[in-house]
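Single-structure report; data block below.
The values are calculated or read from the model by the stated rules, or taken from the named source; none is laboratory data. Since the model is a prediction, treat every value here as computed from it, not as a measurement. Here Cβ is always computed from backbone atoms with ideal geometry, including for glycine, and neighbour counts include all displayed protein chains.
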Amino acid sequence: MSEVAPSVVVQTPTQGVDPRVALATSIHAAPGVYSVLVGSGMSRAAGIKTGWEIVQDLIRRIALAEGLDPGLVEEHPEQWWESTGRPEPRFDALLEALGNTAASRRSLIRRYFDRANEEGDPIRPTEGHRALARMVAAGRVKTIITTNFDHLIERAIEEEGISPQVIVTPGEIGGMIPLAHAPATVIKVSGDYTRPGLRITRDELATYPYPLRRLISRVFDEYGLVVVGWSADWDGALVEALSATRSRRYPTYWTTLRGHLRESAGRVVALREATVVNTDGADEFFVDITERIANLDRVAARKGRPRRLPVPLRRPESSGAPAGWAAKPLLWLKVAASLAPAPDEDRGMIRQPDREEIKRSLMTSPLTARLRQLSEYRPASALAEREPPPYNVLGLWELLADGFQTASHAAFRIGGDASAGISAILSVGDYGGYPPSGSVFVELDIGFSIESKLLLHQVGQVLRDGLVLVTATIPDAIGDFLPPDAQPATVEIHIVAPTDDGRVTRQNDPGLRVDLGPLGSSTRDLASSWSFAASVSQPFETRSAAEFVVQALERIVLDAGITEPDRGLAELRRALAP
């Protein structure tokens with residue numbers, strides 16, 4: 001029972017790619033493809049004994065209670081246990097011998113997991129636990145199999161704002177969320193110290209119930225695997241499952257502690273053709289891998305970063321009010337995107353189902369909900385000779401009657417004709433000019449003629465939601481019209497306070513329509529139009545759209561002579577965070 005498989009020193013090959021580089025690159029390129037098998041080596045770094053060390057400690061307690069000399073059971077208490085003729089020391093039997101009530105047994109076992117030393121210092125997740133949890137929170141790793149009884153992995157993941165599903169008993173497997181859809185899954189193959197039925201001895205670890213065997217075999221077959229802090233000495237059922245499932249879908253990486261690999265682990269490494277990674281421990285390994293992935297993220301972010309264009313293509317002030325508006329509003333926000341490559345010969349048609357899908361997407365867009373909130377503001381008139389209505393009426397998104405509806409163009413409007421209150425127009429199509437542009441344009445024009453100033457973060461939210469709409473939501477809705485490889489190529493945002501209503505001039509600038517106080521004062525008079533355009537390579541989601549808006553506004557206000565906007569931009573970034 002006390003026999004332990006010998007270890008050998010493994011040398012990492014000096015030729016080829018560093019296994020850590022290969023692993024970090026693979027995890028970065030294919031999020032959610034790798035699972036992690038965590039053994040007791042990770043929890044020992046936090047001050048928790050292994051399952052067998054707990055059994056040994058319980059045997060010592062029994063020996064001392066029977067009056068035995070402590071020195072005789074200090075190193076190998078299991079040998080004394082065998083010499084007495086007793087059966088293999090099962091964990092539950094030892095607990096029953098030391099605690100005659102359920103409460104006393106729970107109190108006895110908790111001392112091994114709740115505090116790290118006799119002074120009562122609490123056990124906390126290590127840097128390795130936290131680094132692994134960051135990979136989970138980033139969607140890099142979604143499935144963790146562990147032989148540990150403690151809650152350190154779950155606690156670290158929860159500290160990152162993720163609630164993992166934890167599988168301990170076979171009965172929980174039938175009702176679990178599928179692995180691919182759960183934010184994170186922790187499978188505790190040896191049990192949980194707060195529940196009965198821990199598996200600690202060789203006999204207990206020799207086999208698993210069928211539902212558990214099937215689940216872990218599926219993980220080993222369908223996912224790549226990273227093994228950390230596990231010797232493969234005791235867990236016979238786990239060794240069998242790993243050895244029997246020789247998937248070639250994704251590779252296996254097996255970490256060692258300073259090059260030492262148990263003989264039993266070496267056999268599994270050979271069977272799975274695993275790549276060996278030498279480490280100084282789980283903490284060092286996970287922290288290093290997360291830093292490598294973060295570096296890859298930074299490189300990817302630089303490559304995918306929008307590149308500013310010197311001249312926007314669709315300036316609102318370069319034309320009159322768009323079709324569907326009777327006047328230029330007091331504040332005009334515009335968001336536009338070009339989708340390319342989209343040559344005319346590769347496009348489909350905008351059919352009735354496509355228009356219905358566009359309308360559905362508009363009605364369910366966060367932007368529409370945002371405009372309904374802002375419609376509570378009292379309207380003002382965009383036309384000097386016209387009195388404003390008492391309140392805004394947004395209604396529904398509808399096809400724009402004079403919006404030039406064709407097989408390659410569609411336009412929708414919500415709200416009125418922009419003469420007062422709030423109105424928005426969404427148009428999809430091309431310029432219709434010659435030579436053809438080879439692009440499809442999605443444009444969103446939003447007019448605000450209201451008595452109150454909009455707050456800066458309200459403008460930012462409208463622009464953020466508009467970016468997601470024109471680069472992602474609407475392109476998805478017109479998928480049959482666009483060529484399959486068409487992607488957002490350029491985007492632009494405009495904040496305009498028109499100095500005429502389309503006929504008569506008026507005094508106007510963005511400072512009269514938007515509360516710019518958080519950004520500080522300008523060194524000169526504000527221009528009536530602010531614009532920012534950039535080339536992009538992919539659709540926006542809420543987080544990236546928010547960052548784009550903040551960066552665009554920083555450039556805009558610095559060009560406008562506002563020299564100390566950092567505090568206001570920081571507040572805006574927090575307000576726009578999803």
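See the values below:
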quantity	calculated
Pair list, Cβ under 7 Å, 6 or more apart: region 567-578 residue closer than 13 Å to E554 by Cβ, other residue outside any helix (DSSP H, G or I)	G568/G520
Wholly within region 405-487, strands (runs of 3 or more DSSP E) carrying at least 3 residues that are under 18 Å from L339 (Cα atoms), touching a residue at least 12 places away in the same chain (Cβ under 8 Å) and of a type outside the set (D, E)	421-429, 440-449
Any hit, region 490-511, residues being farther than 27 Å from P565 by Cβ, of a type in the set (S, T, N, Q) and touching a residue at least 24 places away in the same chain (Cβ under 8 Å)	no
Qualifying residue in region 288-300 (condition: over 14 Å from T25 (Cβ atoms) and either aliphatic (A, V, I, L, M) or touching a Pro at 6+ places or on another chain (Cβ under 9 Å) (or both))	no
Residues located in region 154-192, provided they are aliphatic (A, V, I, L, M), under 26 Å from L108 (Cα atoms) and assigned to a loop (DSSP other than H, G, I, E, B)	V168, V189
Residue count for region 465-503, restricted to those that are buried (at least 21 other Cβ atoms within 10 Å of the Cβ), charged (D, E, K, R) and out of contact with any Pro (no Cβ under 9 Å at 6 or more places or on another chain)	0
Residue count, region 42-51 (criterion: over 28 Å from the mean Cα position of the chain (by Cα), part of a helix (DSSP H, G or I) and surrounded by 21 or more Cβ atoms within 10 Å (Cβ to Cβ))	1
The one condition in (1) among the hydrophobic types (A, V, I, L, M, F, W, C); (2) crowded, with 18+ Cβ neighbours inside 10 Å; (3) not in a loop (DSSP other than H, G, I, E, B) that A327 fails to fulfil	(3)
Selection from region 47-85 of residues that are in contact (Cβ under 8 Å) with a residue 60 or more places away in the chain and over 22 Å from L205 (Cα atoms)	G47
Residue count for region 481-511, restricted to those that are acidic (D, E) and within 30 Å of the chain's Cα centre (by Cα)	2
All positions within region 204-262 that are without any contact (Cβ under 8 Å) to a residue 60 or more places away in the chain, basic (K, R) and under 25 Å from A22 (Cβ atoms)	R218, R246, R248, R249, R258
Filtered residue count, region 330-356, keeping only those that are crowded, with 18+ Cβ neighbours inside 10 Å and either part of a loop (DSSP other than H, G, I, E, B) or touching a Pro at 6+ places or on another chain (Cβ under 7 Å) (or both)	8
Hits in region 86-99 (condition: within 48 Å of the chain's Cα centre (by Cα) and free of Cβ contacts under 8 Å to residues at least 24 places away in the same chain)	A93, E96, G99
Selection count where residues are free of Cβ contacts under 8 Å to residues at least 60 places away in the same chain, of a type outside the set (A, V, I, L, M, F, W, C) and within 22 Å of P209 (Cα to Cα), scope region 159-193	12
Matching residues in region 523-566 - criterion: being in contact (Cβ under 8 Å) with a residue 60 or more places away in the chain and assigned to a loop (DSSP other than H, G, I, E, B)	S528, V536, S537, Q538, P539, F540, E541
Given (1) within 30 Å of L426 (Cβ to Cβ); (2) out of contact with any helix residue (DSSP H, G or I) (no Cβ under 7 Å at 6 or more places or on another chain); (3) modelled with pLDDT of 90 or more, number of the condition R314 does not satisfy	(3)
Single residue of region 200-234 satisfying the filter (at pLDDT 90 or above and charged (D, E, K, R)) that is surrounded by the most Cβ atoms within 10 Å (Cβ to Cβ)	R213
Any chance A22 is loosely packed, with under 14 Cβ neighbours inside 10 Å and within 28 Å of the chain's Cα centre (by Cα)	no
